Amino acid sequence: MCGSVEAFVEKMNKRAKELGMKDTNFVTCNGLDADNHHTSAYDIAIMSRELLKHEMITKYTTIWMDSLRDGKFQLANTNKLVRFYSGANGLKTGSTSKAGCCISASAKRDGMQLIAVVLGAQNSKDRFNAAREMLDYGFSNFAVTSFGEKGTQVAEIPVVNGKSKTIMALTKKSSSVLIEKTKKDLIKTHINIPEEISAPVKKGDIVGEMIVTLDGETLAKTNLIADKSVKKKTGADYFVKLFKELFV
């Protein structure tokens, strides 16, 4: 891809900075110990989160066992959580003499994806136990709460001088937040829309905003858009209306 190991490592460091990995510096592209080659648990979590955006990755990281060479050689996944932890879908184990036993463990339940990173464990068993404890804590205490899928009807808005009397305000995108389960009932949803809107209106025009807050802090925002286009009434439209009122 880049012509040399050095050029590829340079590209790795550039991408790491783009992702906000402030405590990472790559020297090699194989991850083995090297002077000034370092990272942090937080940065590994950032990198793992980015990797999980590519859905195909879990097609491979969830394989427990496979064979090579016409079945003559078998490989087992070094991430034991994939087989023994509910919802586990990755991601990567690793170990060196300096780093100890490490893992970036990912799991998904009820639409919530969690990542637990363990570095410097004394042995493989310890890293899995630590990752399992963190994931258990996350699933026990937090939940993803949805506030409407994309296209959810939120409110009806009157249209002034329009060929249609109203439009529906729809959520432009899906909205969800990660919160502590004990605070779920404290969440408030605020709908900001005008009392009326003037024609013409185009389908997809932003007509308001939905804001989700907790203890006065904004957790999520999404624009509200018009569900249809509404043309402005013409003089002819008013004449037809008047005619109908007088003679029909």
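What follows is calculated from the coordinates using simple rules that are stated; it is not laboratory data. None of the values given here were measured: they were computed from a predicted structure. Every residue, glycine among them, receives a Cβ derived from its backbone with ideal geometry; neighbour counts consider all protein chains shown.
Looking at the square roots a ≥ b ≥ c of the eigenvalues of the Cα gyration tensor of the stretch 147-235, which shape do they give, rounded for a/c under 1.5, prolate if a/b is larger than b/c, or oblate?
Since a/c reaches 1.5 and a/b is larger than b/c, the shape of the stretch 147-235 is classed as prolate.
Which one, SER146, ALA131, ALA105, projects farthest toward the positive side of the charge dipole computed for the chain from Cβ point charges (K/R +1, D/E -1)?
Highest projection toward the positive end goes to SER146.
Can you tell me how the stretch 40-142 classifies by the Cα gyration tensor, rounded, prolate or oblate, using a/c under 1.5 as the rounded cut?
On the way: a/c = 1.64, a/b = 1.22, b/c = 1.35.
Oblate.
By per-residue mean of other Cβ atoms within 10 Å, what is the highest-first order of 83-90, 167-174, 98-105, 190-197?
Ranking the peptides 83-90, 167-174, 98-105, 190-197 by packing returns 98-105, 167-174, 83-90, 190-197.
Would you list, by chain and number, the aspartates and glutamates whose Cα falls below 12 Å from the Cα of LYS203, excluding same-chain residues fewer than 8 positions away?
Within the straight-line cut-off, LYS203 pairs with ASP227.
Would you work out if the chain is rounded, prolate or oblate? Take a ≥ b ≥ c from the square roots of the eigenvalues of the alpha-carbon gyration tensor; rounded if a/c is under 1.5, else prolate when a/b is larger than b/c, oblate otherwise.
Prolate shape, in that a/c is at least 1.5 and a/b is the bigger ratio.
Whole Å is fine, so just give me how far the alpha carbon centre of the stretch 178-237 lies from that of the stretch 115-134.
So the separation of the two Cα centres works out to 44 Å.
Separation between the LYS231 and LYS181 pseudo-spin-labels, each 7 Å from Cα along Cα→Cβ, expressed in nm?
Placing both labels 7 Å beyond Cα along the Cβ direction yields 5.6 nm.
Any chance you could run the full-extension gain for ALA76 through LYS98? It's 0.36 nm times the residue separation minus the Cα-Cα distance, nm to one decimal.
Separation in residues times 0.36 nm, less the Cα-Cα distance, equals 5.5 nm.
From the helices alone, meaning DSSP H stretches of at least four residues, give me the mean residue ellipticity at 222 nm for the chain, per-run term -39500 (n - 2.57), in deg cm²/dmol to the nearest 500.
-8000 deg cm²/dmol
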